[in-house]
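The values are calculated or read from the model by the stated rules, or taken from the named source; none is laboratory data. This is a predicted model, so every value here is computed, not measured. With ideal geometry, Cβ positions are generated from the backbone for all residues, glycine too; neighbour counts draw on all protein chains shown. All accessible areas refer to the heavy atoms of the entire protein, side chains included, with ligands and DNA or RNA removed. Shrake-Rupley method; radii C 1.70, N 1.55, O 1.52, S 1.80 Å.
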Amino acid sequence: MNRILTPLTAAYCLASLAMLDCAITSQQNGSTLYCAIFAACAVLFGLAVGHHAYHRDELRFTRAQLERNARPPTPATDAVVAVALAAACCERWWTSAGAEHEPATCTRKDQTT
């Protein structure tokens with residue numbers, strides 16, 4: 001999708017310039033109706049260029065959000081690990097996640113540094 005937006009925007013710009021040239025030529029030849037039609041077409045092509053620029057910015061913003069959401073939450077994980085380490089009573093409790101002994105009866109409680 002992104003590869004087609006740049007050439008399409010360039011084509012719209014060229015078409016807008018061509019329509020403006022036709023409008024100027026029509027005005028010089030005295031055809032006011034055709035001049036107005038070509039000028040309106042040029043304005044519509046200009047609006048299409050603006051729309052594609054807005055669409056491109058929306059795609060960039062969405063892609064950045066998706067990449068940001070896909071990253072692992074390292075700061076939050078570090079904070080959780082720090083809290084868990086502070087609550088650990090000893091190394092055995094930490095390696096077993098508290099399953100092999102009761103923290104209230106741990107004999108190595110005061111040896112944690």
(request) May I ask you to list pairs of residues, at least six apart or on different chains, whose Cβ atoms are under 6 Å apart, with the first in region 25-46 being without any contact (Cβ under 8 Å) to a residue 40 or more places away in the chain and over 19 Å from L8 (Cα atoms) and the second being assigned to a helix (DSSP H, G or I) and open to solvent by 60 Å² or more (accessible area, probe 1.4 Å)? (result) S26/Y34; C35/Q27
(request) Go through region 1-39 and count every residue that is farther than 26 Å from R60 by Cα and aromatic (F, W, Y). (result) 2
(message) Looking only at region 1-18, count every residue that is open to solvent by less than 60 Å² (accessible area, probe 1.4 Å), more than 25 Å from the chain's Cα centre (by Cα) and among the aliphatic types (A, V, I, L, M) and tell me the total.
(response) 3
(message) For region 19-68, give me the residue count where each residue is assigned to a loop (DSSP other than H, G, I, E, B) and open to solvent by 80 Å² or more (accessible area, probe 1.4 Å).
(response) 1
